[in-house]
1. From zero outward in steps of 10 Å, how is the percent of C-alpha pairs of the range 90-198 spread across the bins?
2. Can you give the Rg to Rh ratio of the chain, both from alpha-carbon atoms, with Rh computed by the Kirkwood formula?
3. Would you pull out the residues with amide H under 5 Å of Arg149's amide H, same chain only if 5 or more places away, H placed 1.01 Å from N?
4. Per residue of the range 176-189, what does 6.51 cos²θ - 1.76 cosθ + 1.60 with θ = phi - 60° give for ³J(HN,Hα)? Whole Hz please, x for Gly and Pro, Karplus curve as stated.
5. What ranking do 180-191, 92-103 get when scored by the average of other Cβ atoms within 10 Å per residue, highest first?
6. Taking square-rooted eigenvalues a ≥ b ≥ c of the alpha carbon gyration tensor, is the range 149-198 rounded, prolate or oblate, where a/c under 1.5 means rounded and, failing that, a/b exceeding b/c means prolate?
7. Could you check the spin-label model distance between Cys140 and Asp182? Points 7 Å from the Cα along Cα→Cβ, value in nm.
8. As a check on your grasp of the helix formula, calculate [θ] at 222 nm for the chain: sum -39500 (n - 2.57) over DSSP H runs of n ≥ 4, divide by the residue count, round to the nearest 500.
Amino acid sequence: MRVIKYVPNALSISRIFLSLSLMPLAWMSDQRIYLILFTIVYFTIGLTDFLDGYIARKFKVETLLGSKLDAVGDSFMFLCGFASLFLARVDLGGWRTVLTIGIALLYKAANVLLTYARFKEMNMMHTWLSKFVFNVMYVCGPVFVFRGRIDYWLVVAFTIGILLHCVEETITLLKMTEYDGDNKGIWTETLLAKLKRS
């Protein structure tokens, strides 16, 4: 048990370094070996994201530091993954894609500021809706690198998903009296309550 308490934080820290390694691999992804390495590292990052939280909860070794490291690791994973699309020279459909995604990311940043203003926490909430949206986006990442392009309708779909999650996050943050980064989200809670009653 003494060793296991360090494992979730070690996984979160490894996610930061693995995420940074994605970018040079993406740059060289026109060579097959680097494309394969990129894919292996990419999915290893996702595995660390799942395992750090799972182990922390299963062995009851959750800490405030672990929560912050997880949030930093998630930020690196997302930002480096997004940067990799540019470095792999994926056709993103021009400025309209950057503008569309930029709007959603600005809203996400606004929620981080709202979290800090209300609870003095620099953190991102992990609602069920946010996990669903970002997991779908995450799984699609290597597909875009292999294809060399991303269709604009998919960009719009992802952006709508992010905006819906951000709206739910804002409402949840405003209703909270104490910060809970792993809150299911107000819409999910409402849906689960309705399902229980029926």
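Values in this text are rule-based calculations from the coordinates and carry no lab data. What you see is a predicted model, and the numbers here were worked out from it, not measured in a lab. Glycine gets a Cβ as well: all are built from the backbone with ideal geometry, and neighbour counts include every protein chain shown.
1. Distribution as computed: 14, 39, 29, 15, 2 percent.
2. Numbers: Rg = 17.7 Å, Rh = 17.9 Å.
Computed over Cα atoms, the ratio is 0.99.
3. Here Asp91 satisfy the definition.
4. Residue by residue, the range 176-189 yields 5, 9, 9, 5, 9, x, 9, 4, 5, x, 5, 5, 5, 4 Hz.
5. Most protected by this proxy first, the peptides run 180-191, 92-103.
6. Details: a/c = 3.44, a/b = 1.69, b/c = 2.04.
Oblate, since a/c reaches 1.5 and b/c is not below a/b.
7. Rounded to a tenth, the inter-label distance reads 2.8 nm.
8. Details: 7 runs with 153 residues, N = 198.
Rounded to the nearest 500, the figure is -27000 deg cm²/dmol.
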